[in-house]
Amino acid sequence: MKRVDITLSARGVAYLLLCPVLLLAAVTIPMELAEEHIRPFSWTAADVFRRFTLNSENSVPAWFSAMLHLCSAALLAICAWMHRSRGNRWWKHWASLSAIFCLLSLDEAASFHEILMVPMDRLVKAEGVFYFTWVIPGIAIVIALGLAYLRFLWNLDSTTRYRFIAAACLFVGGALGMEMVDGAILDHFGEQHIAYMLATTVEETGEMLGLVVFIWSLISHLTTEAGEIRLKLAAAPA
């Protein structure tokens with residue numbers, strides 16, 4: 001039986017993932033404007049357009065973002081396995097990061113984080129930058145995770161460390177930073193304002209760009225540390 005080899009390079013994967021991110025970012029504003037004008041004439045066509053906008057749940061961008069999170073989780077699991085086999089003390093941090101990204105993938109698909117808005121709305125007035133009140137516990141979680149993984153980050157090689165920091169800045173800046181900007185704009189101008197459409201597009205694009213940089217960093221790290229990783233599928237005995 002002839003062996004099939006599939007070769008993936010970090011740069012090639014990054015370019016492959018970057019193309020749909022930029023395409024979705026480019027079509028979002030036109031799709032949202034088209035949806036707004038077509039809805040009075042055809043709900044079906046408007047709903048189809050909505051499925052391709054970044055600021056929509058149950059959409060193509062939401063599915064793609066969930067896949068990026070899941071891909072990150074898989075690569076982190078491979079890193080954990082590799083470092084554990086070498087006796088590296090930080091393998092548990094890689095493994096826990098993999099679990100976190102699995103949860104993030106689930107949240108991206110099912111929007112569990114919005115459940116936090118129910119109790120938070122009772123404690124904090126939903127207005128301005130805290131219009132989406134879930135960002136308050138979100139900020140606390142990010143700070144806690146940052147402190148918990150600070151030593152892990154410091155013990156990475158410098159190239160991987162700086163790439164992880166860049167990815168985190170893009171991801172957190174989009175997921176939390178721009179979410180606060182979105183809330184302030186939504187509170188003052190409403191959902192149909194062009195400023196809100198632009199802000200949500202920047203938010204989701206930044207989040208997905210952060211994931212692409214993270215995936216590129218993980219593949220580069222694996223390539224540097226292991227050189228080559230093979231996945232072998234063994235046939236069942238007759």
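The values are calculated or read from the model by the stated rules, or taken from the named source; none is laboratory data. Please read these numbers as outputs of a predicted model, since none were measured by experiment. All Cβ positions, even for glycine, are placed from backbone atoms using ideal geometry, and neighbour counts span all protein chains on display.
Scanning segment 159-180 for residues that are within 16 Å of S220 (Cβ to Cβ) and β-branched (V, I, T), we see that the one that is farthest from the chain's Cα centre (by Cα) is T159. Considering only residues that are surrounded by 12 or more Cβ atoms within 10 Å (Cβ to Cβ) and under 18 Å from the mean Cα position of the chain (by Cα), look in segment 142-158 and name the one that is farthest from M117 (Cα to Cα). Looking at the filtered set, the residue picked out is G146. Condition (residue is without any contact (Cβ under 8 Å) to a residue 40 or more places away in the chain, at positive phi and over 18 Å from the mean Cα position of the chain (by Cα)) applied to segment 195-214: is it met by at least one residue? Within segment 195-214, not a single residue is without any contact (Cβ under 8 Å) to a residue 40 or more places away in the chain, at positive phi and over 18 Å from the mean Cα position of the chain (by Cα). Look at segment 111-130: where a residue is on the phi > 0 side of the Ramachandran plot and a partner is modelled with pLDDT of 75 or more, sitting 6+ places away or on another chain with Cβ atoms under 8 Å, you get S111/E57; G128/G183; G128/A184; G128/D187. Looking only at residues in segment 159-175 that are over 19 Å from A80 (Cβ atoms) and in contact (Cβ under 8 Å) with a residue 40 or more places away in the chain, the one that is surrounded by the fewest Cβ atoms within 10 Å (Cβ to Cβ) is T159.
May I ask you to list the residues in segment 141-151 that are part of a helix (DSSP H, G or I) and closer than 16 Å to C169 by Cα? Hits for segment 141-151 are I141, V142, I143, A144, L145, G146, L147, L150.
When restricted to residues that are out of contact with any Leu (no Cβ under 7 Å at 6 or more places or on another chain) and crowded, with 18+ Cβ neighbours inside 10 Å, segment 66-75 contains 2. The set of residues in segment 76-96 being buried (at least 20 other Cβ atoms within 10 Å of the Cβ) and either touching a residue at least 24 places away in the same chain (Cβ under 8 Å) or part of a loop (DSSP other than H, G, I, E, B) (or both) consists of L76, C79, H93. For segment 142-155, check the following and say yes or no: at least one residue is farther than 27 Å from W94 by Cβ and not aromatic (F, W, Y). Looking through segment 142-155, none of the residues is farther than 27 Å from W94 by Cβ and not aromatic (F, W, Y). Scan segment 117-135 for residues that are surrounded by fewer than 17 Cβ atoms within 10 Å (Cβ to Cβ) and either within 18 Å of the chain's Cα centre (by Cα) or hydrophobic (A, V, I, L, M, F, W, C) (or both) and the total you get is 5.
Please determine, by comparing only the residues of segment 26-55 that are polar (S, T, N, Q) and part of a helix (DSSP H, G or I), which one is surrounded by the fewest Cβ atoms within 10 Å (Cβ to Cβ). Out of the qualifying residues, it is T44. Flag not set for A195, criterion: crowded, with 17+ Cβ neighbours inside 10 Å, in contact with a Phe, Trp or Tyr (Cβ under 7 Å, 6 or more places away or on another chain) and not acidic (D, E).
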